[in-house]
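Everything on this sheet refers to the single structure shown next.
The values are calculated or read from the model by the stated rules, or taken from the named source; none is laboratory data. The structure presented is a predicted model; accordingly, all values stated were derived computationally and were not measured. Glycine gets a Cβ as well: all are built from the backbone with ideal geometry, and neighbour counts include every protein chain shown.
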Amino acid sequence: MKLILTHEVASLGAPGDVVDVKDGYGRNFLVPRGLAIGWTRGTAKQIDSIKKAREVRDVRDLGHAEEIKRQLEAEAVTLRARAGSGGRLFGAITVNDIVNAVKAGGGPDIDKRRIEVGNPIKTTGAHEVTVRVHADVVASVSLEVVAD
């Protein structure tokens, strides 16, 4: 099955890429989640607009990615969340919470899809998350979750 990716898929490609995948993977996973659209001659014209939008969002070059990495790693991000006794949170810290906290702390504007949280953050204290700034550049961000 031939598809056009509309979002970044980890082991497949970036937005605007035309990929061949197995029918079940495309029909049951990629298309229903809005990660891809079916390829036809008509939709092939959309590839240019998808790629232009991606270029606007993407990091310009490796030097710019290194600069963003330095900014992220230099900043200690503090998040306030409601917590019960023993430091357990009522819920979990989401990727949107992390993006908003970085932005509020004066850090760079980052795409939430580039943040990788290993295990869900459900306790107060220090945590580490990674941000894939560029294909070759990965930043480690220190989070301090405090009880509200």
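Can you name the residue in the range 116-143 that is charged (D, E, K, R) and more than 13 Å from Leu89 (Cα to Cα) and is also surrounded by the most Cβ atoms within 10 Å (Cβ to Cβ) among such residues?
Here the residue is Arg132.
Within 19 Å of the chain's Cα centre (by Cα) and exposed (fewer than 14 other Cβ atoms within 10 Å of the Cβ): which single residue out of Arg113, Arg88 fits that description?
Of the residues listed, the single one that is within 19 Å of the chain's Cα centre (by Cα) and exposed (fewer than 14 other Cβ atoms within 10 Å of the Cβ) is Arg113.
State which residue is modelled with the lowest pLDDT when the search covers only the range 50-103 and only residues that are in a loop (DSSP other than H, G, I, E, B) and not charged (D, E, K, R).
Among residues in the range 50-103 that are in a loop (DSSP other than H, G, I, E, B) and not charged (D, E, K, R), the one modelled with the lowest pLDDT is Val59.
Working carefully through the options Arg70, Arg80, Arg88, Arg114, find the one that is out of contact with any helix residue (DSSP H, G or I) (no Cβ under 7 Å at 6 or more places or on another chain), among the basic types (Lys, Arg) and closer than 29 Å to Met1 by Cα.
None of the others qualify; the one that does is Arg114.
Taking into account only those residues within the range 16-32 that are part of a loop (DSSP other than H, G, I, E, B) and among the charged types (D, E, K, R), which is nearest to Lys51 (Cα to Cα)?
Asp17
Identify, from the list Leu35, Leu5, the residue that is within 24 Å of Thr130 (Cβ to Cβ) and at pLDDT below 90.
Just a single option satisfies the conditions, and that option is Leu5.
Looking at (1) on the phi < 0 side of the Ramachandran plot; (2) out of contact with any helix residue (DSSP H, G or I) (no Cβ under 9 Å at 6 or more places or on another chain), find the lone condition where Gly34 falls short.
So Gly34 meets the others, but not (1).
Here are the criteria: (1) within 30 Å of Val21 (Cα to Cα); (2) part of a loop (DSSP other than H, G, I, E, B). Tell me which single one Val131 does not satisfy.
It fails just one condition, (2).
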